[in-house]
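Q: My structure is below; once you've seen it, I'll send some questions.
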Amino acid sequence: GVTMKLDLNAVGETALLTLYARAKDYESDQSVLKDQKSWDILKHIDYDFDQFKDVKMSYYGILGRAKVIDDE
């Protein structure tokens, strides 16, 4: 498959964090969003996602907002 290498500014990283949170949620046995497309996209991105691993508050905030928006 095709892999994209990204070089992002702060705004781009914020958008990528949203995608990352949705994809990590999909991997969970207790997925809230069940967003397989985010996971499919994320696995084709060459990026150092380790910097996002300690952002639990952002993670839960993103999932909460996404759930509300997705349910509307």
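Values in this text are rule-based calculations from the coordinates and carry no lab data. Remember, predicted model here, so these are calculated numbers, not experimental data. Here Cβ is always computed from backbone atoms with ideal geometry, including for glycine, and neighbour counts include all displayed protein chains.
Q: May I ask for the angle, rounded to the nearest 10°, between helix 56-71 and the longest principal axis of the chain, with both axes built from Cα atoms and the value confined to 0 to 90°?
A: With rounding to tens, the tilt is 60 degrees.
Q: A further question follows. Just V11, V32, V55 to compare: in a GNM of the chain, with alpha carbon springs under 10 Å, which one fluctuates most?
A: Largest GNM mean-square fluctuation: V11.
Q: Can I ask one more? Report the net charge of residues surrounding L6, where surrounding means a beta-carbon distance below 10 angstrom and charges are Lys +1, Arg +1, Asp -1, Glu -1. Could the numbers behind the result be given before it?
A: On the way: positive: K5; negative: D7, E13, D46, D48.
Its environment carries a net charge of -3.
Q: Based on the Cα coordinates of the chain, what is the per residue volume of their convex hull in Å³? Could the numbers behind the result be given before it?
A: Details: hull volume 7.1 nm³, N = 72.
In the chain, the Cα hull volume divided by residue count equals 98 Å³.
Q: Still on this structure: Would you tally the net charge around D25, using a Cβ to Cβ cut-off of less than 15 Å, leaving D25 out, and scoring K and R as +1, D and E as -1? Please list the in-between numbers first.
A: Values: positive: R22, K24, K34, K37, K43, K53, K56, R65, K67; negative: E27, D29, D35, D40, D70, D71.
Neighbour charge sum, excluding D25 itself: +3.
Q: Among E72, E13, what is the fewest-to-most ranking by other Cβ atoms within 10 Å? Let's see the in-between values first.
A: Numbers: E72 5, E13 14.
Listed from fewest to most nearby Cβ atoms, that is E72, E13.
Q: A follow-up question, please. Pairing the Cα long axis of helix 10-27 with the longest principal axis of the chain, what angle in degrees results, from 0 to 90 and rounded to the nearest 10?
A: Tilt relative to the chain: about 60 degrees.
Q: To continue, here is another question. Under a 5 Å amide H to amide H cut-off, with H placed in plane at 1.01 Å, what residues pair with I45 once short-range neighbours are removed?
A: Placed amide hydrogens put M4 under 5 Å from I45.
Q: Using the Cα centre as the reference, give the magnitude of the dipole from point charges on the C-beta atoms of the chain (Lys, Arg: +1; Asp, Glu: -1; all else neutral), rounded to the nearest 20 debye.
A: On the way: 10 positive and 14 negative charges, 14 e Å.
Result for the chain is approximately 60 debye, rounded to the nearest 20.
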